[in-house]
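Below are the structure tokens for one structure; questions will follow.
The values are calculated or read from the model by the stated rules, or taken from the named source; none is laboratory data. Bear in mind that the values here come from a model prediction, so they are computed numbers and not experimental data. When we count neighbours, we look across all protein chains shown, and the Cβ atoms used for this are built from the backbone with ideal geometry, even at glycine. Accessible surface areas use protein heavy atoms only, side chains included; no ligands, DNA or RNA. Shrake-Rupley method; radii C 1.70, N 1.55, O 1.52, S 1.80 Å.
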Amino acid sequence: MTKSFASAADLADKQQTLEVLADGVYALTAEGDPNVGAIEGEDFLVCIEAMATPVAARDWLDRLHTRTDKPVRYLVLSHYHAVRVLGASAYGAEVIIAHDNTRTLIAERGMADWASELGRMPRLFRDPASIPGLTWPTATFSDRLTIQLGGQRGDLVLAYLGRGHTEGDIVAWLPDQGILFAGDLVESQAALYTGDAYHSDWAGRTLDAIAGLGAQAVVGGRGAVARGQDAVAAAVGQTRDFLRTMLAEVGAVHAAGGTLRDAFHAAHAALAPRYGRWPIFEHCMPFNVSRLWDELSGIERPVIWTAERDRQVWDQLQE
Ligand SMILES: [Zn+2]
């Protein structure tokens, strides 16, 4: 049987759940669809991630505004992927913050990524005509940026912990509350997309740095909120195990002079028993193995994905 392309046939809406993680700290999860968050400052809001379109974002903002009517001062983008950034215009944020490398990636490949993600995940792009264009950060940083939330609310620390899911991922960390918004650097009971990743760095020092924060709760890129040390360790551990299994399986085929197709089947077989039923697993695997193959071949930066290249790799591996 032919598998339908990526998530093109995934058209059933997911149930969204608003979770209150601490006073003024919110996460909206959606059964494996991309998560978003918000943090109250004394007289402003920080929103984390923008969703795929302004129309999709407006529903989330309406829901958030049942809790607080503070205006959005900061919109934080964890990385450049279209489903996380193209709804930005709905927020009316004073400042849109991302990593320096994210700005570079948007300039270099934002348009191609938009077409790629629209083709792979059409359901997330509600009313795609409402997107006014690429989202450009208005403030970027290289290592760390601290937002003082005011009153007794403490600080929100935005930090770059190394290359991982992309070369420009940042996390949003509330040290006083022990809450981490990890973007796609950590997934909780959802598969990883690694088509733009740096597998070795991510599985090693980047996840080490995340684990070293000692979070009590983690909002990952997709999936349930991990609450408590055990659940946090499980989410980080799952992410690392997924990457290490790919590195071992694809690495062995690559070293033995096998083919990309062999590598795909080996990695798929090794991961499927543990992760095969989790959201977007089948969608991601061809792109993941293709990028890792390049990384092992010494191609430093991920080759730009276009809608056409997505189809070619899919047809080569998944059908
Ligand atoms: Zn992503």
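Looking for whichever is under 20 Å from Gln189 (Cβ atoms) and acidic (Asp, Glu) here; the options are Asp43, Asp10, Asp23. Which one fits?
Result: Asp10 is the single residue among Asp43, Asp10, Asp23 that is under 20 Å from Gln189 (Cβ atoms) and acidic (Asp, Glu).
Moving on. Which residues, taken from segment 282-306, are touching a residue at least 24 places away in the same chain (Cβ under 8 Å), surrounded by fewer than 15 Cβ atoms within 10 Å (Cβ to Cβ) and small (Gly, Ala, Ser)?
Within segment 282-306, just Ser297 meets the criteria.
Restricting to segment 138-179, and then to whatever is part of a loop (DSSP other than H, G, I, E, B) and among the hydrophobic types (A, V, I, L, M, F, W, C), can you tell me which residue is farthest from the ligand (Cβ to nearest atom)?
Leu149
What pairs come up if the first residue lies in segment 180-208 and is closer than 18 Å to Trp293 by Cα and in a helix (DSSP H, G or I), the second is more than 9 Å from the ligand (Cβ to nearest atom) and open to solvent by less than 10 Å² (accessible area, probe 1.4 Å), and their beta carbons are under 6 Å apart, counting only those six or more places apart or on different chains?
Sorted first by the residue in segment 180-208, then by its partner, the pairs are His199/Leu243; His199/Leu292; Trp202/Gly164; Trp202/Leu243; Ala203/Leu243.
Further question: Could you tell me whether Ala252 is over 30 Å from Ala8 (Cα atoms), in contact with a Leu (Cβ under 7 Å, 6 or more places away or on another chain) and either open to solvent by 40 Å² or more (accessible area, probe 1.4 Å) or in a loop (DSSP other than H, G, I, E, B) (or both)?
no
Another question, if that's okay. Looking at segment 193-249, which of its residues are of a type in the set (Lys, Arg) and either away from the ligand (no atom under 16 Å from the Cβ) or open to solvent by 30 Å² or more (accessible area, probe 1.4 Å) (or both)?
Once the filter is applied, which keeps residues that are of a type in the set (Lys, Arg) and either away from the ligand (no atom under 16 Å from the Cβ) or open to solvent by 30 Å² or more (accessible area, probe 1.4 Å) (or both), segment 193-249 yields Arg205, Arg227, Arg240, Arg244.
Residues to consider are Arg277, Arg261; find the one that is basic (Lys, Arg), in a loop (DSSP other than H, G, I, E, B) and either open to solvent by 40 Å² or more (accessible area, probe 1.4 Å) or in contact with a Lys or Arg (Cβ under 6 Å, 6 or more places away or on another chain) (or both).
Arg277
While we're looking at this one, here's another question. Only one residue in Gly133, Gly92 is more than 16 Å from the ligand (Cβ to nearest atom), out of contact with any strand residue (DSSP E or B) (no Cβ under 8 Å at 6 or more places or on another chain) and at positive phi. Which one?
Gly133
Among the numbered conditions (1) buried (at least 17 other Cβ atoms within 10 Å of the Cβ); (2) touching a strand residue (DSSP E or B) at 6+ places or on another chain (Cβ under 9 Å), tell me where Ala139 comes up short.
For Ala139, the failing item is (1).
Among the residues of segment 59-78, is any more than 18 Å from Thr140 (Cβ to Cβ), within 13 Å of the ligand (Cβ to nearest atom) and within 16 Å of the chain's Cα centre (by Cα)?
no
Within segment 73-128, which residues are open to solvent by 30 Å² or more (accessible area, probe 1.4 Å), basic (Lys, Arg) and under 30 Å from Glu42 (Cβ atoms)?
Passing the criteria: Arg73, Arg103.
Which numbered condition trips up Arg84, out of (1) within 13 Å of the ligand (Cβ to nearest atom); (2) of a type in the set (Lys, Arg); (3) touching a Ser or Thr at 6+ places or on another chain (Cβ under 6 Å)?
The one condition Arg84 does not meet is (3).
For Ala6, are the conditions met, namely being surrounded by fewer than 20 Cβ atoms within 10 Å (Cβ to Cβ) and in a loop (DSSP other than H, G, I, E, B)?
No: the conditions fail for Ala6.
Tell me whether segment 25-37 contains one or more residues that are over 20 Å from Gln152 (Cβ atoms), free of Cβ contacts under 8 Å to residues at least 60 places away in the same chain, more than 16 Å from the ligand (Cβ to nearest atom) and more than 18 Å from the chain's Cα centre (by Cα).
Looking through segment 25-37, none of the residues is over 20 Å from Gln152 (Cβ atoms), free of Cβ contacts under 8 Å to residues at least 60 places away in the same chain, more than 16 Å from the ligand (Cβ to nearest atom) and more than 18 Å from the chain's Cα centre (by Cα).
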